[in-house]
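A.B. asks: Would you mind keeping the following structure in view while I ask a few things?
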2 protein chains.
Amino acid sequence: MARPSSDASVIFLPSGRRGRFARGTTLLNAAQSLGVEIDAACGGQGICGNCQVVVADDAEGQHDDKPALNLPAGRRLSCLARVAGDLVVEIPEDGQQQCQSIRKNAVVTDIEILPVVEVFVVAVPEPDLQSPEGDAQRLCRALEKQHQLAGLRSGLHAQRQLQAALLKGGRQVTAVVRDMAEIIDVRAGCQEQLYGIAIDVGSTTVAAHLCDLASGETLASGGSMNPQIRFGEDLMSRVSHIMTNPGSESELTEAIRRTLGELVAQLAKQGGVPEDDIVEITVVGNPIMHHLLLGISPIELGRAPFTLANSDSTTLPASELGCAINPGAYAYVLPCIAGHIGADAAAVCLAEAPFDRDEISLIVDVGTNAELLLGNRQRLLAASSPTGPAFEGAQISAGQRAVPGAIERVRIDPETLEPTIKVIGCDPWSDDPAFLQLVPGNGVTGICGSGIIEAIGEMYLAGIIDSSGRILGDQAERSNRIEADGYTYSYCLHDGKQRISILQSDVRAIQLAKASMCAGARLLMRRYGVETVDRIRLAGAFGSQIDVRYALILGMIPACPEKSVTSAGNAAGTGARIALLNRASRSLIEAQVLEVEKIETAAERDFQDLFVDAMALPTDHGFFGELPRRNFVG
Amino acid sequence: MARPSSDASVIFLPSGRRGRFARGTTLLNAAQSLGVEIDAACGGQGICGNCQVVVADDAEGQHDDKPALNLPAGRRLSCLARVAGDLVVEIPEDGQQQCQSIRKNAVVTDIEILPVVEVFVVAVPEPDLQSPEGDAQRLCRALEKQHQLAGLRSGLHAQRQLQAALLKGGRQVTAVVRDMAEIIDVRAGCQEQLYGIAIDVGSTTVAAHLCDLASGETLASGGSMNPQIRFGEDLMSRVSHIMTNPGSESELTEAIRRTLGELVAQLAKQGGVPEDDIVEITVVGNPIMHHLLLGISPIELGRAPFTLANSDSTTLPASELGCAINPGAYAYVLPCIAGHIGADAAAVCLAEAPFDRDEISLIVDVGTNAELLLGNRQRLLAASSPTGPAFEGAQISAGQRAVPGAIERVRIDPETLEPTIKVIGCDPWSDDPAFLQLVPGNGVTGICGSGIIEAIGEMYLAGIIDSSGRILGDQAERSNRIEADGYTYSYCLHDGKQRISILQSDVRAIQLAKASMCAGARLLMRRYGVETVDRIRLAGAFGSQIDVRYALILGMIPACPEKSVTSAGNAAGTGARIALLNRASRSLIEAQVLEVEKIETAAERDFQDLFVDAMALPTDHGFFGELPRRNFVG
């Protein structure tokens, strides 16, 4: 059957999804509109090279707008290639979004259990013709009389359940009461098991923990990729996607809510818990995730002065966030601290509780931005430093996310300059004969954030780079792993199926990121009026994966005795669990957030000076005690 | 293609809807599951005879479970006929639900305008990097400073609108504030027009009024049939439908919400008002409509002791009731008084305000149940009397709803016993030569509620029936309109295409209904301790259509000077408008409802005595002054 020629058919493999599109549509847009996930880290600007697709060579149906990057034969960038006729587009395996190996596990912390949702077993008097009030009113009076709960209101879901439960339970029911204020559900007889879920919505991954509200026990944990990645890997790419596609924020909102819904269903199954018994959710996330999840456009967060639409905590029906749990359940979203310092930072603050200590803590949540908290019970300061995605492996020539095949640990022999590496998904190090057999399918594929930190730290310790960050060409005499690369030099970490080198530009990218982070911390210290801090806590998935020693060697954080630098694990997730399990913590963090002094690094004049000072690798490492290998070369 | 023989294809005409059904399914159930509307007044019990369909005589595809009523050739009752094979089912025109002519118009009443939703134009300070709070917090501070509105919270819809409005309005916005507590919307610049809709959900019809919240003016009124009629004409049929089909309450809920949504959209269009400017809805209805609309099962309202799930007022997002108006809008549902005395009675109480008067008022809202209010500022009593649907034309041999073709007015010449009638849809009376030309298409088709009242009143005045309600056979000598009908007699009102007679059983049905209503009123008077009342108000569509004089002649209401008996119009709708336009009225009626003394007629021992006493037609009519024709015969 002849079709009008104005649009063309596009089929995506391996999913088999298909649709008709106007000529000129980019393949990336076509894929996105069909829900086909393509990794587009740069937000479709032809930069990252991640969105490669394969189009049959003889197809006349597509053409590129401008010459693409140096791509393998048959590959095109889907963000640049446009539909010119009927097409079959294959997304190669490496272009499909991969499941990241980082599972943000819930850390066991002492949490006083004081859940926001509680159960009360109550006997409700029989109705009679003389007292024509509703059963909901009768239930409220019984709760007041039998449990001293005054002034309760009943939610609609509870009203819908009430009379059947009274009938089934012989007028004895279990009232599910939220925040000592609202009856959100009613069950027949005595049914006391209640659960909640704490969710940490990250830009890249979403992590969730299913907890027993009475014991506080974490019954199941799970994670999922943030599906918004197909609209841009980093936050600003997603905001710019929304700016250039007005109205598209609802797609991002729906995508994350769908993922939340799936994750919640998965956790319920995993924990063997009926969804109806899950009665509360807490959510944390950075400001842009926070706004998108709530259906608020994050555009103002993408430009100065980075204004939040709402900084307070938000309580809304859990169903509005796509979570099919108990229909009476609510979601509590923690407050944001400032335009760059979100509900995740508030959760870190709640988990770490620096405001409860006399010592001065520096808490760094390392991610695309480094969120910084500094202070003690007297005073607390917060800032966000734009580290960029280098720590996550982006902007690094061989960088990749922490997925199997990525180098995560590096040691360099200072005598021979030979490296030893450890790869995610393979237990032995590369000097073990079993390494080559056990390394994952595609061999060593790249280097992830913690691997880069260690590689550069080790290159510095081995004298391959100097404290200015320059890769020293004169060391090429000592090892053929140091190679000229135009006017600069590179260091080859691995030469297998793929050749993985650290380029001079990689070192510079890491220097910029760590300088930003460290300058932010130093700015807070200057504002507080201290030269040193008593303790440093590294939070976040990346923060808990890196070896503290290399963070100090690189000068990612201000100088501090090594033993005083510890990992805080997934502190944001812990904060979400605290807010779930202890209702008093909610008003506590809401009050703290208002007290925190927010420092906007971009607006502070001395930030630039501190930033420049922090670019170099520190030369004085004496403070962190005995290094096992101190024999610096050069 | 061969089909499995376990189910059969059924096509309904004229709609053409079709589906496959298990053999044994009733045609009514099949129709309902396809959304084909069939009038099933008795709820599918084979009693009312309304659900007739035509099935080709030679069709072997259907069989009746038991012998049907005496039906015209080719007709079957769809509630009894079952699918036995492939079928084409035609729904005759008289079986399709008709649009009732009663439009409950909004009555102009003096309402002090004090709307629950108000606008405040406000200049919001620019954000800056030094104050990182959200724009919502900045807006709240500005409203407090500029309008003395303290402690406002902002709803999610307002948060979603806020930043775009600030940008468009140059930081000047209009905040839409509900109940001095929540910002429900934000608009750019100065946009002050706000509207609301008051809705009266009746068992048969739904009426709605679109009002300007600032002026109180009613801009548009509209009505719609209650689509739940296909599940049973009267309330108890619907409850028994739900009892026999557990879980089906959600179908009734969805049906009424869909109708509300359509009605609201229609009113917005009619009034030329953008749906986004409609920011509040108030809803009244009897207890069963109230529960079904809120998604609460009404089963307990169908059996003693008739317990409401919830008697308090309810506030919920308007979107949950299916109304696509402003996404931040709420619906306020008035409280119920008791299991038989709903939010509609509360609205009547609010509109009539007997609690503000020294005189003792009796307010009767006439419908399937008669809701009764009696009292003054000292004391207020309420009851419901089960009149049954006779006043609405059901249970009457020639009865029908008030649609074109129905007799609505009757006069009988006491000399000749010849009747003169007036028919809905035709202005001239039947003694006008133009009558036969102007009468609607099918001629005179039946008699509606107000017509029956007048017919029986006139038969009594003309001496055709005595005060016991007996049609006097000895009057047959005077007119051949009085005919023997077995052991009793009938009176022929009209002999045209259809022959319309008042049977003895019709008189008895009306006597039962009016006795119940009058006994309820007398019971309240006895409880209050009065022999007479100062004024009587007849409310409801039927109450405002009947001629007050005939209500007195029949003894529907206690004796009272005719001039003190007046129509209250659609007082429930007026009450809904008051609750819409005056926020103080909400707490007023919520408090009054708790104060009202509820009398359950079924539980009162003297109700039966009063009921028996009230069966006769009153003989003493002297109190209501000069009747134009007092020449009673006999």
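A.B. asks: Using a 10 Å cut-off on Cβ to Cβ distances, tally the other chain neighbours for every residue of A:553-563 and report the average as a whole number.
C.D. replies: Values: counts 0, 0, 0, 0, 0, 0, 0, 0, 0, 0, 0.
The per-residue average across the peptide is 0.
A.B. asks: So what is the relative contact order of region B:318-412, in percent, for Cα pairs below 8 Å that sit 6 or more residues apart? Can you show the working numbers first?
C.D. replies: Values: 129 pairs, mean separation 14.6, N = 95.
Over region B:318-412, the number comes to 15 percent.
A.B. asks: Going 7 Å from the Cα of B:Glu192 along its beta-carbon direction, which residues of region B:206-245 have the amide nitrogen within less than 13 Å of the resulting point?
C.D. replies: Counting backbone N atoms under 13 Å from the label point, the list is B:213-215.
A.B. asks: Something else: Rounded to the nearest 0.05, what FRET efficiency do B:Ala591 and A:His147 have when you use their Cβ-Cβ distance and R0 = 25 Å? Could the numbers behind the result be given before it?
C.D. replies: Working: r = 26 Å, r/R0 = 1.05.
Calculated transfer efficiency: 0.45.
A.B. asks: Per the Cauchy relation, a quarter of the hull surface: what is the mean projected area of the convex hull of the alpha carbons in the protein assembly as shown, in nm²?
C.D. replies: Working: hull surface 236.4 nm².
If I average the Cα hull's projected area over directions, I get 59.1 nm².
A.B. asks: Then there is this: Distances from A:Pro428 to the same residue in each other copy, label points 7 Å out along Cα→Cβ, in nm, shortest first?
C.D. replies: 11.1
A.B. asks: Return the chain A residue and its Cβ-to-axis distance, rounded to the nearest Å, for the rotation relating A to B.
C.D. replies: Here the nearest residue and distance are A:Pro317, 5.
A.B. asks: If you put +1 on each Lys and Arg Cβ and -1 on each Asp and Glu Cβ, how big is the dipole of the protein assembly as shown around its Cα centre, in Debye rounded to 20?
C.D. replies: Details: 108 positive and 156 negative charges, 101 e Å.
Its charge dipole is roughly 480 debye.
A.B. asks: Have a look at B:Gly388, B:Gln148, B:Ala346 and report the one farthest towards the positive end of the charge dipole of chain B, computed about the Cα centre with Cβ charges (Lys/Arg +1, Asp/Glu -1).
C.D. replies: Toward the positive end, the furthest listed residue is B:Gln148.
A.B. asks: Sort shortest first the distances from A:Ser33 to its counterpart in every other copy, using label points 7 Å along the Cα-to-beta-carbon line, and give them in nm.
C.D. replies: Here A:Ser33 shows inter-copy label distances of 3.9 nm.
A.B. asks: Report the one residue of A:Pro404, B:Gln475, B:Val119 whose Cα lies farthest in the direction of the positive end of the charge dipole of the protein assembly as shown (charges on C-beta: Lys and Arg +1, Asp and Glu -1; origin at the Cα centre).
C.D. replies: Sorting the options by dipole projection puts first A:Pro404.
A.B. asks: Of all DSSP beta bridges located in region B:197-343, what percent are antiparallel, nearest 5? All intermediate terms of the calculation are to be shown ahead of the outcome.
C.D. replies: Numbers: 17 of 26 bridges.
In region B:197-343, DSSP labels about 65 percent of beta bridges as antiparallel.
A.B. asks: Within chain B, how many lysine pairs that are 8 or more places apart, or on different chains, have C-alpha atoms less than 22 Å apart?
C.D. replies: On the way: B:Lys104/B:Lys269; B:Lys104/B:Lys422; B:Lys422/B:Lys497; B:Lys514/B:Lys563; B:Lys514/B:Lys598.
Number of lysine pairs found: 5.
A.B. asks: Right, here's the next one. Cα convex hull of region A:390-509: mean projected area in nm², to one decimal? Can you show the working numbers first?
C.D. replies: Working: hull surface 27.0 nm².
The number I arrive at for region A:390-509 is 6.7 nm².
A.B. asks: Any idea what the B:Gly74 label distances to the other copies are, label 7 Å down the Cα→Cβ vector, nm, shortest first?
C.D. replies: 7.0
A.B. asks: Quick one: A:Leu194, A:Leu71, fewest Cβ neighbours within 10 Å first, how do they rank? Each step should come with its number before you reach the end.
C.D. replies: On the way: A:Leu194 23, A:Leu71 13.
Placing the least packed residue first, the sequence is A:Leu71, A:Leu194.
A.B. asks: Run the paramagnetic zone check for B:Cys492: 7 angstrom along Cα to Cβ, then residues of region B:381-422 with backbone nitrogen under 14 Å.
C.D. replies: Residues B:418-419 fall inside that zone.
A.B. asks: So for region B:511-577, Kirkwood radius off the Cα pairs, Stokes-Einstein at 20 °C and 1.002 mPa s: how many µm² s⁻¹?
C.D. replies: Values: Rh = 12.5 Å.
Diffusion coefficient, whole number: 171 µm²/s.
A.B. asks: Distance in nm between label sites at A:Arg377 and B:Ser15, each 7 Å beyond Cα in the beta-carbon direction?
C.D. replies: Label at A:Arg377, label at B:Ser15, 7.2 nm between them.
A.B. asks: Hey, got the average number of other protein chain Cβ atoms within 10 angstrom for residues in A:71-79? Mind showing how you got there, number by number?
C.D. replies: Details: counts 0, 0, 0, 0, 0, 0, 0, 0, 0.
Counting other chains' Cβ atoms within 10 Å and averaging over A:71-79 gives 0.
A.B. asks: Taking the inverse of the average 1/r across all pairs of different Cα atoms in chain B, what Kirkwood radius in Å do you get?
C.D. replies: Values: mean 1/r = 0.0375 Å⁻¹.
When all Cα pairs of chain B are included, the Kirkwood radius is 26.7 Å.
A.B. asks: Given the -39500 (n - 2.57) contribution per DSSP H run of 4+ residues, what per-residue ellipticity at 222 nm results for chain B, rounded to the nearest 500 deg cm²/dmol? If you can, show how the numbers build up before the last one.
C.D. replies: Numbers: 15 runs with 169 residues, N = 634.
Estimated from H runs of four or more residues: -8000 deg cm²/dmol.
A.B. asks: Given +1 on the Cβ of Lys and Arg, -1 on the Cβ of Asp and Glu, and no further charges, what dipole in debye does region A:117-188 carry about its Cα centre, rounded to the nearest 20?
C.D. replies: Values: 9 positive and 9 negative charges, 27 e Å.
Here region A:117-188 has a charge dipole of around 120 debye.
A.B. asks: Could you compute the FRET efficiency for B:Leu438 and B:Ala214, with r as their C-beta to C-beta distance and R0 at 30 Å, rounded to 0.05? Mind showing how you got there, number by number?
C.D. replies: Values: r = 44 Å, r/R0 = 1.45.
With R0 = 30 Å, the Cβ-Cβ based efficiency is 0.10.
A.B. asks: Something else about it: In percent, how large is the relative contact order of region A:390-509, given Cα pairs closer than 8 Å and 6 or more residues apart? Don't skip to the end; give the middle numbers.
C.D. replies: Working: 243 pairs, mean separation 32.0, N = 120.
For region A:390-509, the relative contact order is 27 percent.
A.B. asks: Over the alpha-carbon set of region B:117-188, divide Rg by the Kirkwood Rh and report the Rg/Rh ratio to two decimals. Walk me through the numbers before you get to the answer.
C.D. replies: Numbers: Rg = 10.8 Å, Rh = 11.7 Å.
With Rg and the Kirkwood Rh in hand, the quotient comes to 0.92.
A.B. asks: While we're looking at this one, here's another question. Nearest 5 percent is fine: what portion of the DSSP beta bridges confined to chain A is antiparallel?
C.D. replies: Antiparallel bridges: around 70 percent, rounded to the nearest 5.
A.B. asks: Report, as an integer, the average count of C-beta atoms from other chains found within 10 Å of each Cβ along B:159-171. Don't skip to the answer; put the middle values down first.
C.D. replies: Numbers: counts 9, 8, 3, 6, 11, 5, 0, 3, 2, 0, 0, 0, 0.
Mean partner shielding for this stretch: 4.
A.B. asks: Quickly work out the B:Asp534-to-B:Ala324 label distance, labels modelled 7 Å from Cα along the C-beta direction, and quote it in nm with one decimal.
C.D. replies: Simple spin-label model gives 5.1 nm for this pair.
A.B. asks: Would you work out which of A:Ile536, A:Ala551, A:Ala484 lies farthest towards the positive end of the dipole of the protein assembly as shown? Charges go on Cβ: Lys and Arg +1, Asp and Glu -1.
C.D. replies: My answer, from the dipole projection, is A:Ala484.
A.B. asks: To the nearest 20 debye, what is the magnitude of the charge dipole of chain B about its Cα centre, counting +1 on the Cβ of each Lys and Arg and -1 on the Cβ of each Asp and Glu? Numbers along the way, then the final one.
C.D. replies: Numbers: 54 positive and 78 negative charges, 154 e Å.
I would put it at about 740 debye.
A.B. asks: Give me Rg/Rg_expected for region B:197-343, where Rg uses Cα atoms only and Rg_expected = 2.2 N^0.38 Å with N residues.
C.D. replies: Numbers: Rg = 15.0 Å, N = 147, 2.2 N^0.38 = 14.7 Å.
Working it through for region B:197-343, the quotient is 1.03.
A.B. asks: Okay, next question. According to a simple spin-label model (label point 7 Å from Cα along Cα-to-Cβ), what is the distance in nm between A:Leu167 and A:Met243?
C.D. replies: Going from the A:Met243 label point to the A:Leu167 one covers 5.9 nm.
A.B. asks: Could you tell me what % of all Cα pairs in region A:419-490 have separations over 14 Å? If you can, show how the numbers build up before the last one.
C.D. replies: Working: 1684 of 2556 pairs.
Summing the P(r) of region A:419-490 above 14 Å gives 66 percent of all pairs.
Read-outs throughout are calculated quantities, based only on the coordinates presented, and are distinct from any laboratory measurement. Keep in mind it's a predicted model, so treat the numbers as computed, not measured. So basically every Cβ, Gly included, is an ideal-geometry build from the backbone, and we count neighbours across all protein chains shown.
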